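The values are calculated or read from the model by the stated rules, or taken from the named source; none is laboratory data. Predicted model, so just to flag it, every value in this text is computed and none were measured. Counting neighbours? That spans all protein chains shown, and the Cβs are built from the backbone with ideal geometry, glycine included.
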Amino acid sequence: MKPTRSMTAAGRAGEVPRDLHWSRYKFPESLIGYGAWIVVLTFIAVSVEYLDIPLGRIPAMFERMAAVLANRYYPPDFEYIMDQDYMGYVVETIQMAYLGALFGLLMSIPLGWFGSFNMTPSRRFVYPATRLLTMAFRAVHEMIWAILFVSILGFGMLAGVLALTFFCAGFAGKLFAEEIEAIDMGPVEAMRATGANLFQVMVFGVLPQVRVAFTGIGIYTWDVAFRAATVVGFVGAGGMGWYLKRNVMQIESERVAAILLSIVVLVLISEALSAIARDRVMRMK
Amino acid sequence: MRVTGQSSAKPPTDGAHGVAIESILEQRRRRRLVHLAMGLIVAGLVAWSVDVTIVEDTDWERIGSLANVLESVNRFVGVDWQLFPSLLKPAIETFMIACLGTLLGVIICVPAVWFGALNITPFKPITYPLARLMMTLSRSIHEIVWALFFVAVVGLGAMAGIFAIAVRSVGFIAKMSAEAIEDIDHGPVEAIRAVGGNGFQVMLYAILPQVLPQILGVIIFEWEINIRRSAILGLVGAGGLGLVFFRQMNTFNFPGVTTVIIAILGIILIGEVVSYYARKAVI
């Protein structure tokens, strides 16, 4: 800083000199931040207008929410869910999630293999095709899978299992592919140099490196599958979702509240189990 | 293998050595037995589940032969081109519901993150479990159920969808952000405290700059998932592409169903590409 300037700055008492105002961006760049804010706010305004959202109803909404919760959903009807019948449906839900996750994981191993850039047999054809397939499996929501399978195969748990299978295959396939892309290529090259074929490279070069991560992803997939399994019954694909749907349609809100609470408890248990299992797997590393 | 190799190279001279090897081998045998038993249990569970869910609960007569199934699948083949122009508005709606839902979710997240990160939670015995409960509740209830609840509260329309998505995405964003905050470097926090910054300033100048890239990455990731979710909320009357899907399904216009699924795939593909580049730019 030039001495003359600082002297003049000190001359004006109590005023901070202009040069001492530090900002991260200089004048033209500093506008970018404001521009981003304006874009976001405009987008919100346009969306609210486009979606025709009644903003005036929001203050009354909280009152209504409290009223709905207090009058309709409270107290939860626990006797209803302590029923033998309902417990059977819970077990069926767990089985459905278990099978869906298992089949989905089996399906996702080739998806992960062919969909990883470094291990795919053909980068030009197989890699993009597998990537697209994985994305399609994942992008279609589990409810849509369930509706499609119910309309093709009819009501029942088979439709639910298949819906969960496709959903889990897409979910785990992407994670597997990412995991395989992150491996150390040394062992793979060593295997190739000794003349191993594609399959041998996969089994002896890649699998040992990703085994622990795969197990963790598998447990996580089961967790996600269980959460999805609680609602695929909504469209007739078996499990406790059907119970939920029936009571929602009959406006038996106290029973709905009890079912929802049971779902929360079951998810908590499954989450705790999966956390313990993943922890153990990670420690085995 | 290694143990037996060692023992052959240097035969046990005294009893203690042999006993040690014996015990290791015994341990290994026991572990193999445990693995075998676990494998059997898993296989048994699979067989039982397959029997209950697939064999018993399926109406095989309704499905009929493979030809019948293929015929049912065949109904979905084809694209209803006339539907495309009328899909534009619901597609934009779906996109906007996802964006607004994510934004609202981020706003609801702020207290959850503040209470849920162990190192900054204001009063641990009460606020920490409260935040954890909030996160679990939000994540464990499916978006369809949330949407049903909000449709009952605010009525049919996009607003129910926005609230459902916002509440559903709180859990994931808050959990990941709280974990990111728990891992921060404490130097800047102490530095800001030392120069007299209050709690709010500590958060703004010491904690936020450290975790902002990670949190933005999580938010973008969640936004991508929310597009997927908002595409089905129409099933319970919360607007968007799901409503069109349901209508096509109920009128048995199966090529139309395929068309809607293609449209959903299209906007999700756009979302995925945007999220990929946005996350790359942030991190």
## Note on the structure
Within region A:69-89, of all residues that are without any contact (Cβ under 8 Å) to a residue 40 or more places away in the chain and within 11 Å of chain B (Cβ to nearest Cβ), the one surrounded by the most Cβ atoms within 10 Å (Cβ to Cβ) is A:Leu69
### Given (1) of a type in the set (A, V, I, L, M); (2) surrounded by 19 or more Cβ atoms within 10 Å (Cβ to Cβ); (3) within 21 Å of A:Trp113 (Cβ to Cβ), index of the condition A:Ala257 fails
(3)
### Query
Looking at B:Gly39, is it under 30 Å from A:Ile152 (Cβ atoms) and more than 9 Å from every other protein chain (Cβ to nearest Cβ)?
no
### Query
Taking region B:100-145 as the region of interest, how many residues are within 10 Å of chain A (Cβ to nearest Cβ) and either modelled with pLDDT under 90 or touching a Ser or Thr at 6+ places or on another chain (Cβ under 7 Å) (or both)?
11
### Query
Among A:Leu111, A:Leu105, which is assigned to a helix (DSSP H, G or I), over 24 Å from B:Thr258 (Cα atoms) and modelled with pLDDT of 90 or more?
A:Leu105
### Summary
Of the residues in region B:207-230, those that are surrounded by fewer than 19 Cβ atoms within 10 Å (Cβ to Cβ) and either within 13 Å of chain A (Cβ to nearest Cβ) or of a type in the set (Phe, Trp, Tyr) (or both) number 3
### Summary
Considering region B:231-251, residues that are at the interface with chain A (Cβ under 9 Å from one of its Cβ atoms) and outside any helix (DSSP H, G or I), and then whichever is surrounded by the most Cβ atoms within 10 Å (Cβ to Cβ), we arrive at B:Ala231
### Summary
Picking from A:Met185, A:Met202, A:Met191, A:Met157, the residue that is at the interface with chain B (Cβ under 10 Å from one of its Cβ atoms) and either within 20 Å of A:Met119 (Cβ to Cβ) or over 19 Å from the mean Cα position of the chain (by Cα) (or both) would be A:Met157
### Task
Considering (1) more than 9 Å from chain A (Cβ to nearest Cβ); (2) more than 21 Å from A:Ile152 (Cα to Cα), say which one B:Val79 fails and leave the rest.
(2)
### Summary
Note on region B:52-90: residues in a loop (DSSP other than H, G, I, E, B) and farther than 20 Å from B:Phe254 by Cα are B:Asp57, B:Thr58, B:Asp59, B:Gly64, B:Ser65
### Query
Would you call B:Arg168 basic (Lys, Arg) and under 21 Å from A:Ala225 (Cα atoms)?
yes
### Task
Can you tell me which residue among A:Ala228, A:Ala237 is at pLDDT 85 or above, of a type in the set (A, V, I, L, M, F, W, C) and within 19 Å of A:Tyr98 (Cβ to Cβ)?
A:Ala228
### Query
Name the residues in region A:223-238 that are buried (at least 24 other Cβ atoms within 10 Å of the Cβ) and more than 9 Å from chain B (Cβ to nearest Cβ), would you?
A:Ala225, A:Phe226, A:Ala229, A:Val232, A:Gly233, A:Ala237
#### Entry: Selection from region A:235-249 of residues that are without any contact (Cβ under 8 Å) to a residue 12 or more places away in the chain and hydrophobic (A, V, I, L, M, F, W, C)
A:Val248, A:Met249
### Task
Can you tell me which residue among B:Ile227, B:Ile267, B:Ile261 is touching a helix residue (DSSP H, G or I) at 6+ places or on another chain (Cβ under 8 Å), among the β-branched types (Val, Ile, Thr), under 18 Å from B:Ser169 (Cα atoms) and assigned to a helix (DSSP H, G or I)?
B:Ile227
### Pairs where the first residue, in region B:152-173, is free of Cβ contacts under 8 Å to residues at least 60 places away in the same chain and at the interface with chain A (Cβ under 8 Å from one of its Cβ atoms) and the second is part of a helix (DSSP H, G or I) and β-branched (Val, Ile, Thr), C-beta under 6 Å, 6+ apart
B:Val153/A:Val68
### Message
For region B:91-109, check the following and say yes or no: at least one residue is over 29 Å from B:Val202 (Cβ atoms), part of a helix (DSSP H, G or I) and free of Cβ contacts under 8 Å to residues at least 12 places away in the same chain.
### Response
yes
### Query
In region B:123-154, which residues are within 22 Å of A:Val235 (Cα to Cα) and not in a helix (DSSP H, G or I)?
B:Ile141, B:His142
### Query
So which residues in region A:126-154 are within 9 Å of chain B (Cβ to nearest Cβ), more than 22 Å from the chain's Cα centre (by Cα) and assigned to a helix (DSSP H, G or I), if there are any at all?
A:Ser151, A:Ile152, A:Leu153
### Query
Which one is farthest from B:Met203 (Cα to Cα) among residues in region B:118-141 that are among the basic types (Lys, Arg) and within 17 Å of the chain's Cα centre (by Cα)?
B:Arg139
## Note on the structure
Note on region A:171-214: residues crowded, with 22+ Cβ neighbours inside 10 Å and either outside any helix (DSSP H, G or I) or touching a Gly at 6+ places or on another chain (Cβ under 8 Å) (or both) are A:Phe171, A:Ala172, A:Gly173, A:Phe176, A:Ala177, A:Ile180
### Query
Given (1) within 14 Å of another protein chain (Cβ to nearest Cβ); (2) modelled with pLDDT of 90 or more, where does B:Trp60 come up short, assuming only one miss?
(2)
### Task
Give me the pairs, please: first residue somewhere in region A:29-58 and without any contact (Cβ under 8 Å) to a residue 24 or more places away in the chain, second residue anywhere and surrounded by fewer than 10 Cβ atoms within 10 Å (Cβ to Cβ) and part of a helix (DSSP H, G or I), beta-carbon distance under 7 Å, and either six or more positions apart or on two chains.
A:Val48/A:Leu55
